[in-house]
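These notes concern the structure reproduced below.
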Amino acid sequence: MPLQQHKLADRHGVLMNINGNGIFIIGQAGIGKSSFALELLHQGHQLIADDVVEFSQSENTITGSCPEMSAGLLHCRELGLISVPELFSPKAYLPQQSLNYVVELKNSLNNNSTLSPSQTYKIANVSFPLLQLSINSPASLYHRMLSWISMQKSLSDVELNLKQRQQKLMSDAQGD
């Protein structure tokens, strides 16, 4: 018997399937969410929803889908309305995807002093790792996001490793 899904509030953003991960892209209107989604589609990833994402919950799984009216459509300000299945392929659009991560596009970021910023975004009391990306960085949004997703899945704690190296160097220096 399938799990009961409960509809949650709709959210503004773009939901993509990137290498099997549900990535919810958020940010202020006109920041470039749909343009980033277009770049991701050209990289072979899949669109779930553009502009409005309908979220539902079963147990601790949050799933996003697209309102029926805009299914398979992507709107870019420069290009207009794009039929994703026609322009890319029918496989470039998925009707739903479970959510794993949230990426927020911003004009600028506050200077954060932590080595590895750890932020979350909540939907229905379920927290998701949040990455904030500046659209004004010369580095690719795509490559920074892919690196971050890989880092989230990595079992190594790079910051802890660095702190242990620092402590060892300090204790070695004191022993001299």
_Rounded, prolate or oblate, given the Cα gyration tensor of the stretch 37-85, with a/c below 1.5 counting as rounded?_
prolate
*Going highest first, how would you order 53-61, 165-173, 130-138 by mean Cβ packing within 10 Å?*
53-61, 130-138, 165-173
_the stretch 1-132: relative contact order as a whole-number percent, Cα under 8 Å and 6+ apart_ = 26 percent
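With a Förster radius of 35 Å, plug the Cβ-Cβ distance of Ala139 and Gln167 into 1/(1 + (r/R0)^6) and report the FRET value to the nearest 0.05. Could the numbers behind the result be given before it?
Values: r = 31 Å, r/R0 = 0.88.
Step by step, r from the Cβ atoms, then E = 0.70.
Of the peptides 35-44, 15-24, 63-72, 83-92, how do they stack up when ordered by the mean number of other Cβ atoms within 10 Å, highest first?
Numbers: 35-44: 18.0, 15-24: 21.1, 63-72: 16.3, 83-92: 14.4.
Output ranking for 35-44, 15-24, 63-72, 83-92: 15-24, 35-44, 63-72, 83-92.
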*asked:* Per residue of the stretch 46-51, what does 6.51 cos²θ - 1.76 cosθ + 1.60 with θ = phi - 60° give for ³J(HN,Hα)? Whole Hz please, x for Gly and Pro, Karplus curve as stated.
replied: 10, 8, 9, 8, 10, 6
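Could you give the length gained by full extension between Met151 and Gln96, i.e. 0.36 nm per residue of separation minus their alpha carbon distance, to one decimal place? Show your work: numbers first, answer last.
Working: separation 55, 0.36 × 55 = 19.80 nm, distance 2.49 nm.
Net length gain for the segment: 17.3 nm.
Quick one: grab the alpha carbon gyration tensor of the stretch 1-148, order the square roots of its eigenvalues as a ≥ b ≥ c, and give me rounded if a/c is under 1.5, else prolate or oblate depending on whether a/b is larger than b/c. Don't jump to the answer; show the numbers that get you there.
Numbers: a/c = 1.79, a/b = 1.11, b/c = 1.61.
Note, shape of the stretch 1-148 comes out oblate.
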*Put a dot 7 Å past each Cα toward the Cβ at Leu8 and Glu68; how far apart are the dots in nm?*
2.4 nm
*Can you pull the three principal axis extents for the Cα set of the stretch 26-113, in Å, largest first?*
44, 40, 23
*Hey, rough spin-label estimate for Lys122 and Ser108, points 7 angstrom out along Cα→Cβ, what's it come to in nanometres?*
3.0 nm
*Report, to the nearest whole %, how much of the accessible area of the chain belongs to carbon and sulfur atoms, 1.4 Å probe, protein only.*
51 percent
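Using a 1.4 Å probe, what is the accessible area per residue for the chain, in Å²?
62 Å²
The values are calculated or read from the model by the stated rules, or taken from the named source; none is laboratory data. Note that the structure is a prediction, hence the values are computed from the model and not measured. When we count neighbours, we look across all protein chains shown, and the Cβ atoms used for this are built from the backbone with ideal geometry, even at glycine. Accessible surface areas use protein heavy atoms only, side chains included; no ligands, DNA or RNA. Shrake-Rupley method; radii C 1.70, N 1.55, O 1.52, S 1.80 Å.
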